[in-house]
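Below is one structure, written out as structure tokens; comments come after it.
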Amino acid sequence: MIRPLLALLALALATAAQAAEPLGPPGAPAAVFPRPDRPVAEIIAAQWALERDREKADEFGQVARLMRFTAGQTVADVGAGSGYYVTRLSPVVGPRGRVLAEDVMPLYLADLERRLRRAGLSNVTVVRGEPHDPRLVPASVDAAILVHMYHEITQPFGLLHNLAAAMKPGGRVGIVDADDIPSRHGTPPKLLRCELSAAGYRETGFSVLDGGVGYLAIFEAPAPDARPDPGAIRPCKDEATRAAPG
């Protein structure tokens, strides 16, 4: 009996790891976009800080108020990691809303699915994306957040281009990050603004968050037909990023 049970367990684990799938069709391929002219940080953990410390700083509460999350919205957490935002977004958007928990790391996705099952959160969909494409349904998202992970995106221009196609008209994209260089897991605001602008996004708000949890920059995504042609995008140069020790 032991061998069949082990086989069933292995099959169950493999199924859990592969359960998350893309929601939308492929967007523009990574190869048509320029690479960022700056370092890209390595993905090293599913969360950037302990949840109890983030709760103490009211990180989610600050971001939720500034992003104006409300009941009935569809909100995408791009790079959802361990699910800190996902589990808190679920009751905010309510049963008529939807949370899209996207990530590219299979292990993170499997762990997140187990967490959601334990919590019984039925309005959350776990999505497997790609580094250049979140693979979300076109024109389906009211707001998206990218939390402490922008500096880890290997193809930011591709991801921003393909994310814009998933946003509803006037959709808001919030980026939370540290004011530091990518090799120290942050993004200088000036560099962030340059890259978002190059992808056709318009900044609508910027706030330094209380509690030492970084900043929130809010942008309006361009309409799909207003996105810059991938071949016309020019990478942004950041001299501070170049000069700083790694």
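Name the residue that is farthest from Gln155 (Cα to Cα), counting only residues in region 18-42 that are modelled with pLDDT under 95 and under 17 Å from the mean Cα position of the chain (by Cα).
Checked region 18-42; the qualifying residue farthest from Gln155 (Cα to Cα) is Ala20.
Of everything in region 126-157, what is touching a Gly at 6+ places or on another chain (Cβ under 9 Å) and within 18 Å of Ile181 (Cα to Cα)? Give them in sequence order.
Residues satisfying the conditions are Leu146, Val147, His148, Met149, Tyr150, His151, Glu152, Ile153.
Quickly run through region 181-215 and pick out the residues that are surrounded by 16 or more Cβ atoms within 10 Å (Cβ to Cβ) and part of a loop (DSSP other than H, G, I, E, B).
Matches in region 181-215: Ile181, His185, Gly186, Thr187, Pro188, Ala199, Gly200, Tyr201, Leu209, Val213, Gly214.
Filter region 190-220 down to residues that are touching a Pro at 6+ places or on another chain (Cβ under 8 Å) and of a type in the set (Phe, Trp, Tyr) and give me whichever is nearest to Val141 (Cα to Cα).
Here the answer is Tyr201.
Quick one: which of Ile233, Ile218 is at pLDDT 95 or above, β-branched (Val, Ile, Thr) and more than 19 Å from the chain's Cα centre (by Cα)?
Ile233
Do we have any residue at all in region 176-187 that's touching a Leu at 6+ places or on another chain (Cβ under 9 Å), touching a residue at least 12 places away in the same chain (Cβ under 8 Å) and under 18 Å from Leu100 (Cβ atoms)?
Yes, because at least one residue in region 176-187 is touching a Leu at 6+ places or on another chain (Cβ under 9 Å), touching a residue at least 12 places away in the same chain (Cβ under 8 Å) and under 18 Å from Leu100 (Cβ atoms).
Test each condition in (1) on the phi > 0 side of the Ramachandran plot; (2) out of contact with any Phe, Trp or Tyr (no Cβ under 9 Å at 6 or more places or on another chain); (3) in contact (Cβ under 8 Å) with a residue 24 or more places away in the chain for Gly120 and report the one that comes out false.
That leaves (3) as the condition not met.
In region 158-203, which residue that is of a type in the set (D, E, K, R) and out of contact with any Gly (no Cβ under 9 Å at 6 or more places or on another chain) is farthest from Gly231 (Cα to Cα)?
Within region 158-203, the match that is farthest from Gly231 (Cα to Cα) is Lys168.
For residues that are surrounded by fewer than 20 Cβ atoms within 10 Å (Cβ to Cβ) and among the small types (Gly, Ala, Ser), scanning just region 155-180, find the one that is nearest to Ala80 (Cα to Cα).
In this case the residue turns out to be Ala178.
Would you call Asp37 touching a Lys or Arg at 6+ places or on another chain (Cβ under 6 Å) and closer than 26 Å to Arg234 by Cα?
yes
The values are calculated or read from the model by the stated rules, or taken from the named source; none is laboratory data. Since this is a predicted model, take the numbers as computed values, not measurements. Every residue, glycine among them, receives a Cβ derived from its backbone with ideal geometry; neighbour counts consider all protein chains shown.
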